[in-house]
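Enquirer: Mind having a look at this structure? Questions to follow.
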Amino acid sequence: MKTLSFFISVIVALFVFTNNICAQNEVKVSNGKSYVYDYKNQKIYRQTLNRSFQQDKILDNFVAKQTTPVNNLYIEVLSPARLEELKSEKIATTFICDSCGKVKSVEFLFFKEPFLSVDEIERLEEAFLNYTFDLKVYGDKQDSNLYKFAIACFFSKL
């Protein structure tokens, strides 16, 4: 009976610890918007916004030019003290734009543990969703097409 009790205890302990390791997504809320912190894929995105696009409509036959430096949005949104704290960090931002260059969706890719709070993510996303790139599309340009690309930000260079 002691052996059975021991095995059950071991199995329960393994399940509890394994379950914590496998918990790879966490949802955080800011101003009524839910953001997924996806630890396995190392990205943060808005739960409802990013998953509505069909992957077959996302094309790669384009060049995106910044109308103003995108990294300036980090300077506008984050305080100087916070930017100083982030000097050793870097992040990549993935954009999905429509055929006019208007940002429709944003994902934040991190390389270590996420260092931006959900409120900072929400404010940055809002700033990026109001941004428009100058897109030059090669080939067939259709209004239903989407364009995906990423831009890195090194906080030490801001």
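The values are calculated or read from the model by the stated rules, or taken from the named source; none is laboratory data. Keep in mind that what you see is a predicted model, and the values were worked out from it rather than measured. No Cβ is skipped: glycine too gets one built from the backbone with ideal geometry, and neighbour counts run over all protein chains shown. With ligands, DNA and RNA removed, areas are computed over all heavy atoms of the protein, side chains included. Shrake-Rupley method; radii C 1.70, N 1.55, O 1.52, S 1.80 Å.
Enquirer: Name the residues whose placed amide hydrogens come within less than 5 Å of the amide hydrogen of Tyr39, ignoring near sequence neighbours (fewer than 5 apart) on the same chain.
Expert: So Tyr39 has HN proximity to Asn25, Glu26.
Enquirer: While we're here: Using a 1.4 Å probe, how large is the accessible area of Ser34, given in Å² and rounded to the nearest 10?
Expert: For Ser34, solvent-accessible area is about 40 Å².
Enquirer: In region 79-158, what chymotrypsin sites (Phe, Trp or Tyr not before Pro) fall in a loop by DSSP, with at most 16 other Cβ atoms inside 10 Å?
Expert: The qualifying sites are Phe111, Phe115, Tyr138.
Enquirer: What are the trypsin sites (Lys or Arg not before Pro) within region 79-148 that DSSP puts in a loop, where the Cβ has at most 10 other Cβ atoms within 10 Å?
Expert: Here the trypsin sites (Lys or Arg not before Pro) that fit, given the DSSP loop and packing criteria, are Lys112.
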